[in-house]
Amino acid sequence: MKLRLGILASHGGSNLQAILDACRSGQLRAEARVAICNNSDAPARARARRAGVPGFHLSSHTHPDPAALDAAIAATLERHGVNLVVLAGYMKKLGPITLKRYRGRVLNIHPALLPKFGGQGLYGRRVHAAVLAAREPVSGVTVHLVDEEYDRGPIVAQREVPVLADDTVDTLGQRVLKAEHEIYVDTIERIALGEIALEGLSD
Ligand code: GRF
């Protein structure tokens with residue numbers, strides 16, 4: 001199946017970069033059609049531009065009405081022929097129009113082993129701080145389908161990452177982020193190969 005990706009990112013975009021690199025090298029049988037950022041100056045936007053992927057800034061600044069923003073995101077994805085939406089460090093909730101249009105075809109990556117350490121308020125460094133505070137022996141990465149609630153949709157793939165005795169939020173975060181890059185590319189490739197079946201996904 002030829003995947004045509006729409007990638008949404010908010011900040012650094014290292015996951016977006018890993019996916020773009022894998023598309024370019026042929027490691028991933030997918031084509032990045034469009035990138036959408038909710039921050040106009042996000043490094044993720046510059047990364048997309050450098051890769052020659054059309055990039056759009058769509059946010060509450062460009063569309064103050066949430067329904068209009070939701071419609072603009074859905075229309076942008078559709079206009080670029082996207083058949084799989086990939087959230088890569090996207091810090092906003094998708095609206096009902098986009099979720100309905102792409103139900104079962106929106107992936108997110110979370111830097112912990114869901115359902116542990118997920119939900120509203122648990123993002124970025126806060127996740128790793130919570131894992132360390134709970135003295136967990138392992139953390140990890142989860143790729144899941146997106147629904148209306150944060151971090152709750154069906155789990156598609158998971159990988160454990162060890163927590164070391166002297167870990168800080170930074171060292172754990174770096175180890176997890178490296179695993180994110182690998183597992184996100186790998187999971188999308190398995191979807192492309194049909195090893196992971198997503199209902200509603202078609203050429
Ligand atoms: C990643 O840890 C991802 O799991 C989380 O936000 C971070 C984004 O990193 N949702 P980047 O922007 O891809 O570098």
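The values are calculated or read from the model by the stated rules, or taken from the named source; none is laboratory data. These numbers come from a predicted model, not from an experiment. So basically every Cβ, Gly included, is an ideal-geometry build from the backbone, and we count neighbours across all protein chains shown.
Below, the figures for the structure above:
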{"read-out": "For Val163: the one exception among (1) within 12 Å of the ligand (Cβ to nearest atom); (2) in contact with a Ser or Thr (Cβ under 7 Å, 6 or more places away or on another chain)", "value": "(1)"}
{"read-out": "Residue count, the range 1-36 (criterion: over 17 Å from Val106 (Cα atoms), in contact (Cβ under 8 Å) with a residue 40 or more places away in the chain and among the basic types (Lys, Arg))", "value": "1"}
{"read-out": "Qualifying residue in the range 72-95 (condition: within 18 Å of the chain's Cα centre (by Cα), away from the ligand (no atom under 16 Å from the Cβ), part of a loop (DSSP other than H, G, I, E, B) and without any contact (Cβ under 8 Å) to a residue 40 or more places away in the chain)", "value": "yes"}
{"read-out": "Selected residue [in contact with a helix residue (DSSP H, G or I) (Cβ under 8 Å, 6 or more places away or on another chain), surrounded by fewer than 16 Cβ atoms within 10 Å (Cβ to Cβ) and basic (Lys, Arg)] from Arg159, Arg103, Arg125", "value": "Arg125"}
{"read-out": "Test: residue in the range 12-23 that is more than 12 Å from the chain's Cα centre (by Cα) and either more than 14 Å from the ligand (Cβ to nearest atom) or more than 24 Å from Lys178 (Cβ to Cβ) (or both)", "value": "yes"}
{"read-out": "Selection from the range 148-203 of residues that are closer than 15 Å to Lys116 by Cα and of a type in the set (Phe, Trp, Tyr)", "value": "Tyr150"}
{"read-out": "The range 104-140, residues that are among the aromatic types (Phe, Trp, Tyr) and either under 15 Å from the mean Cα position of the chain (by Cα) or more than 12 Å from the ligand (Cβ to nearest atom) (or both)", "value": "Tyr123"}
{"read-out": "Subset of the range 24-44 that is crowded, with 21+ Cβ neighbours inside 10 Å, modelled with pLDDT of 95 or more and part of a loop (DSSP other than H, G, I, E, B) - its residue that is farthest from the ligand (Cβ to nearest atom)", "value": "Leu28"}
{"read-out": "Selection within the range 124-157 - closer than 22 Å to Val86 by Cα and acidic (Asp, Glu)", "value": "Asp147, Glu148, Glu149, Asp151"}
